[in-house]
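Below: the structure, in structure tokens.
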Amino acid sequence: MKLLSPGKIGNVSLNNRMVMAAMTRSRATADGVPTDLMAAYYAQRAAAGLIISEAINISPDAVGSPLTPSIYTDEQIAAWQKITQAVHAQGGKIFAQLWHTGRVAHSTDRQGKLPVAPSAVKIEGMQHFTSQGLQDFETPRALTLGEIKQTQADYIQAAKNAIKAGFDGVELHMANGYLPQQFFADSSNLRDDEYGGSIENKARFTLEIMRGLIDAVGGDKVGIKIGIKISPLHPYAGMAFDDPAASYDYLIGELNKLDFAFVELMKRSPMFPLLPHYPQDDEIERFGSQIKHTLIAGTAYDRETGEAELQKGIADFIAYGVPFLANPDLVKRFELNAELNPADKATMFGGGEQGYTDYPTL
């Protein structure tokens, strides 16, 4: 199987083409410090060709949900070092996913501070999970130009912290309705300055961060330690584009000019209907075929569909989320075509060992 063949991302050699996708599990402490239990969880899954960590808050202002890990204090960095060492001890590789939730947040878990966003536009038709239960979304506060620059600097510092913590690289989370995508989407960005209006201006926030990441931690003037995750047609958290094809054609064209390791292209989740004016094309064929970097394809793949995607020749790796959650030995199970454990949805977020480190192996 091509899925089980070795591959390479940047200068990182990988044992197979199965990537463990980022999955928020809410097992950190209340102040964002990763735990020893998290180290055990990641070490169990180190047979993945590459692990992309759960989303990691880059700053106090980035926090949007309870019990999510961060990487801006010495204590947090030291705790992540235990995790990267545990993964490396098992022969694995791990990248840190850099996260700012933007308006996908609530003041309940932000010391009473309103979430921030490119514009003061509220998420409608959804609720947010907080430490006090489900809450309606709040209208966020629009970032000033100075705050935008500080947020970009926070991403750069978080990347440096991640490398210090022993991660093999970092991934900018520009998918699923979080802050970089909020800047890019027409539905959430109503600005009239250099970060709003045209497609070019709306892409500026993300492209400036990518250039900064490459300069800061790329290594040897090549962004071998940098990736980005995008989700062009996924409407989660109110993301809507007037013309998603035009927007992402531009973004991909600009990313193609930059020297970094990979793009993770997330297909729309089957749980979310396609917006009426969106293209019906397969995202990997429509957008992935334009990407000049190593391509990781993700969302709802299984053993057979993942292998078939690789055989098409557009994607280089396949990302798996829930299958890796419920099957620490997913690589071995794919090799043997063995039955998979089902995931326990009730224990996905928060809690202890149950539904986290107690899934059985073969």
Two pseudo-spin positions, 7 Å from Cα along C-beta at MET126 and at LYS164, lie apart in nanometres by 3.2 nm
Of MET266, GLN311, SER198, which is farthest on the positive side of the dipole of the chain, counting Cα position, with +1 on Lys and Arg Cβ, -1 on Asp and Glu Cβ, and the Cα centre as origin? GLN311
Phi to ³J(HN,Hα) by Karplus 6.51 cos²θ - 1.76 cosθ + 1.60 over segment 103-108, Hz, x for Gly, Pro: 7, 7, 7, 8, 4, 3
Starting with the highest mean, order 57-65, 328-336 by the number of other Cβ atoms within 10 Å, averaged over the residues of each peptide. 57-65, 328-336
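Can you give the Rg to Rh ratio of segment 142-188, both from alpha-carbon atoms, with Rh computed by the Kirkwood formula? Intermediate values should be presented prior to the final figure.
On the way: Rg = 12.6 Å, Rh = 12.1 Å.
Ratio of gyration radius to Kirkwood radius for segment 142-188: 1.05.
Mind listing which trypsin sites (Lys or Arg not before Pro) in segment 119-213 are in a DSSP loop and have 16 or fewer other Cβ atoms within 10 Å? Present the calculation step by step, with values, prior to reporting the outcome.
Working: sites: LYS122, ARG141, LYS149, LYS160, LYS164, ARG191, LYS202, ARG204, ARG211; in loops: LYS122, ARG191.
Taking segment 119-213 and a limit of 16 other Cβ atoms within 10 Å, the loop trypsin sites (Lys or Arg not before Pro) found are LYS122.
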Using just the Cα positions, wrap the chain in a convex hull and report its mean projected area in square nanometres, one decimal place. 16.1 nm²
Let me test this: with uniform point scatterers at the alpha carbons of segment 164-275, what is the Debye-based log₁₀ I(q)/I(0) at q = 0.13, 0.17, 0.23 1/Å? -0.49, -0.80, -1.28
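Cβ neighbours within 10 Å, averaged per peptide: list 314-320, 46-52 in order, most packed at the top. The partial results should precede the final answer.
Details: 314-320: 23.0, 46-52: 24.7.
Ranked from most to least packed, the peptides come out as 46-52, 314-320.
Summarise the accessible area of the chain (1.4 Å probe, protein heavy atoms) by the percent that is carbon and sulfur.
With neighbouring chains kept in place, the figure for the chain is 50 percent.
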Here P(r) for segment 60-142, Cα-Cα distances in 5 Å bins, as whole percents, is 3, 14, 20, 19, 14, 11, 10, 7, 3, 0
Using the Kirkwood radius over C-alpha pairs as Rh, can you work out the diffusion coefficient of segment 209-336 via Stokes-Einstein at 25 °C, viscosity 0.890 mPa s, in µm² per second? 154 µm²/s
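Taking Rh as the Kirkwood radius, which is the inverse of the mean 1/r over Cα pairs, what is the Rg/Rh value for segment 238-311? Each step should come with its number before you reach the end.
On the way: Rg = 13.1 Å, Rh = 13.6 Å.
So for segment 238-311, dividing Rg by the Kirkwood Rh gives 0.97.
The values are calculated or read from the model by the stated rules, or taken from the named source; none is laboratory data. Only a predicted model underlies this, so the values are computations on that prediction, with no experimental measurement involved. Neighbour counts are summed over all protein chains in view; Cβ atoms, including those assigned to glycine, are modelled from backbone coordinates with ideal geometry. Just the protein is used for accessible areas: all its heavy atoms, side chains included, with ligands, DNA and RNA removed. Shrake-Rupley method; radii C 1.70, N 1.55, O 1.52, S 1.80 Å.
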